[in-house]
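What follows is a single structure, written as structure tokens, with notes after it.
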Amino acid sequence: METKNNNILLESDTNELEVVEFRVDELDAAGKVIPCYFGVNVAKVREIIRLPNMRKIINPNPAIYGMTKLRDKVITLIDLATVLNKNADGLVADRVIVLEFNRIIVGILVHSVSRIYRISWGCVEPPVKTINDSKVTGVVKMDDRIILILDFEKIIGELCSNDVMEHMSQGQLEMRSTFDRGQKNILVADDSAFIRHTICGSLRQAGYNVEEAENGEEAWNILTNKLNRCRTAQTSFKSELDLIITDVEMPKMDGLHLTSLIRKEDGLKELPIVIFSSLATEDNKNKWKTLGANDILTKPDLPDLVSRADNLVQ
């Protein structure tokens, strides 16, 4: 799969993304096939292949379809229909989307793959609050269908044992500080409640005051409101906020565009920015630092979250 154009998106503040559309269908009560459309950021897609020969696993999670060898690497294959609780009995899922993020590679079984769309994050809406599906982070409304953007970080995190996430809080609690974290304020912007609650919980346990935003647009509104208060009161912005931690992939406004806006605003230029993203390859880290990020973290770096925050707010 060609990802060159998406690499351009990941180094700039275009506030755009490219989405691979795929289907995981289900059967209704009458046995009729109901097409269901989903999407994933191209930047996470390593390749798309036909279902290869694979080996079943003894006593696996029902959603773990098996394992296969792909270019000298053994990867896990996940049955997305099972993850999404769909009645797909008899429907053949013979396409595999190979994803790479957070330094892991995993295969996702789907029924078909359609095409790639380049869209603005402004056209990606947060999921409706009444929809009890925490696996969805964004909704794209097309002319004749709706594409749901899935939270693969959460999906993989729930399926696979992850010591980084399980023991993160315990490790942070053991860390002591030479300053009062209770006097420091951090804003965390991430559309995944799973990731956001993990980050915020760890920072709060360490003693920080933490405010949350579900996307870049909400974070930007919070920042500008704080800035206006400071200008009216003629006080330093540090009295309002000491650090922002932002995801890259978010509805309405992504983290790269948010970073660019912060660096262009006189009253916010000195605000430390940490980008937290599953897309944080070494190449992207260099590009994002050029854009204005002070530090960049990915999921395996989470045990160091508090110490990295300490370095930036002192």
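The values are calculated or read from the model by the stated rules, or taken from the named source; none is laboratory data. Everything numeric here is computed off the predicted structure, so don't read it as measured data. As a convention, Cβ positions derive from the backbone with ideal geometry for all residues, glycine included, and neighbour counts pool all protein chains shown.
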Would you mind telling me which numbered condition in (1) surrounded by 15 or more Cβ atoms within 10 Å (Cβ to Cβ); (2) more than 22 Å from Ile275 (Cα to Cα); (3) modelled with pLDDT under 85 Arg176 fails? (1)
Tell me, which residue of segment 273-314 that is more than 19 Å from Ile199 (Cα to Cα) and among the charged types (D, E, K, R) is surrounded by the fewest Cβ atoms within 10 Å (Cβ to Cβ)? Glu282
Can you pull out the residues in segment 287-309 that are of a type in the set (Gly, Ala, Ser) and within 18 Å of the chain's Cα centre (by Cα)? Ala293
Would you check if Leu312 is modelled with pLDDT under 90 and either outside any strand (DSSP E or B) or within 14 Å of the chain's Cα centre (by Cα) (or both)? no
Here is a list of conditions, (1) modelled with pLDDT of 80 or more; (2) touching a Leu at 6+ places or on another chain (Cβ under 8 Å); (3) within 30 Å of Arg308 (Cα to Cα), and Leu80 meets all of them except one; can you say which number that is? (3)
Could you figure out which of (1) in contact with a Phe, Trp or Tyr (Cβ under 8 Å, 6 or more places away or on another chain); (2) under 30 Å from Ser260 (Cα atoms) isn't true of Val45? (1)
Within segment 90-122, how many residues turn out to be surrounded by 17 or more Cβ atoms within 10 Å (Cβ to Cβ), among the hydrophobic types (A, V, I, L, M, F, W, C) and either modelled with pLDDT under 90 or not assigned by TED's automatic domain parsing to the domain that holds Ala43 (or both)? 2
Which one of these is closer than 30 Å to Ala193 by Cα, in contact with a strand residue (DSSP E or B) (Cβ under 8 Å, 6 or more places away or on another chain) and among the β-branched types (Val, Ile, Thr): Ile57, Ile48? Ile48
Hits in segment 44-63 - residues which are surrounded by 18 or more Cβ atoms within 10 Å (Cβ to Cβ) and part of a strand (DSSP E or B): Val45, Arg46
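State whether the residues of segment 250-272 include one that is among the hydroxyl-bearing types (Ser, Thr, Tyr), within 18 Å of Thr14 (Cβ to Cβ), within 17 Å of the chain's Cα centre (by Cα) and modelled with pLDDT of 95 or more. Reasoning before the result, please.
Keep residues of segment 250-272 that are among the hydroxyl-bearing types (Ser, Thr, Tyr), which gives 259-260.
Still in the running and within 18 Å of Thr14 (Cβ to Cβ): 259-260.
Filter once more, so that each one left must be within 17 Å of the chain's Cα centre (by Cα): 259.
Okay, now just the ones that are also modelled with pLDDT of 95 or more, so 259.
Yes, segment 250-272 contains at least one residue that is among the hydroxyl-bearing types (Ser, Thr, Tyr), within 18 Å of Thr14 (Cβ to Cβ), within 17 Å of the chain's Cα centre (by Cα) and modelled with pLDDT of 95 or more.
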Over segment 15-36, the set of residues on the phi > 0 side of the Ramachandran plot and in contact with a helix residue (DSSP H, G or I) (Cβ under 9 Å, 6 or more places away or on another chain) is Asn15
Please name all residue pairs, on different chains or six or more residues apart, with Cβ atoms under 7 Å, provided the first residue is in segment 288-310 and is within 14 Å of Gly255 (Cα to Cα) and the second residue is aromatic (Phe, Trp, Tyr) and buried (at least 20 other Cβ atoms within 10 Å of the Cβ). Ile296/Trp288; Leu297/Phe276
